[in-house]
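Scroll down for the structure; my scribbles are underneath it.
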Amino acid sequence: MDRWLRATINTWQGLRAAARSEAAFREELVALALAVPLAFVVTGEAWKRFLLIGVVVFLLIVELLNTAIEKLADRVNLAIDPQIGRVKDMGSAAVGLALLMAAFAWLLALAERLGWL
């Protein structure tokens, strides 16, 4: 039980640190806050709601991993290093792909709700 408590505290501290230091993470938290009630408006099926909310949560997860990579890379080497730059670009690419996936899922659900599909 003690391990779970420490893990929960570490999780909370990580979320707070990301929310305080990363504008993109804060914007995605707003997107999640909007996604939860909107998912209930967009679809009546529980699995679709879960998917719509889940892709936004997935985006947050990828953003957290990207932020961790960037902060670690900056800590390891403050000098401009092409290899570290490529690693950071890969993290950004992962966020971009997660964002595209979330946007596609929401657009598909909205198109179905509006009767376009």
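Quick look at the values:
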quantity	calculated
Test: residue in region 21-40 that is buried (at least 16 other Cβ atoms within 10 Å of the Cβ), touching a helix residue (DSSP H, G or I) at 6+ places or on another chain (Cβ under 7 Å) and of a type in the set (V, I, T)	no
Region 33-61: number of residues that are under 14 Å from A105 (Cβ atoms) and in a helix (DSSP H, G or I)	17
Cross-chain or 6+ apart pairs with Cβ under 7 Å, region 94-117 first and touching a residue at least 12 places away in the same chain (Cβ under 8 Å), then of a type outside the set (D, E) and not in a helix (DSSP H, G or I)	A109/T43; R113/T43
Among the candidates I69, I84, residue that is over 30 Å from E112 (Cα atoms), within 16 Å of the chain's Cα centre (by Cα) and of a type in the set (V, I, T)	I69
Members of region 48-67 that are open to solvent by 30 Å² or more (accessible area, probe 1.4 Å) and under 13 Å from A24 (Cα atoms)	I61, L64, L65
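The values are calculated or read from the model by the stated rules, or taken from the named source; none is laboratory data. Worth saying up front: this structure is predicted, and the values here are computed from it rather than measured. All Cβ positions, glycine included, derive from the backbone under ideal geometry; neighbour counts span all protein chains shown. Protein only, heavy atoms only, side chains kept; ligands, DNA and RNA dropped before computing areas. Shrake-Rupley method; radii C 1.70, N 1.55, O 1.52, S 1.80 Å.
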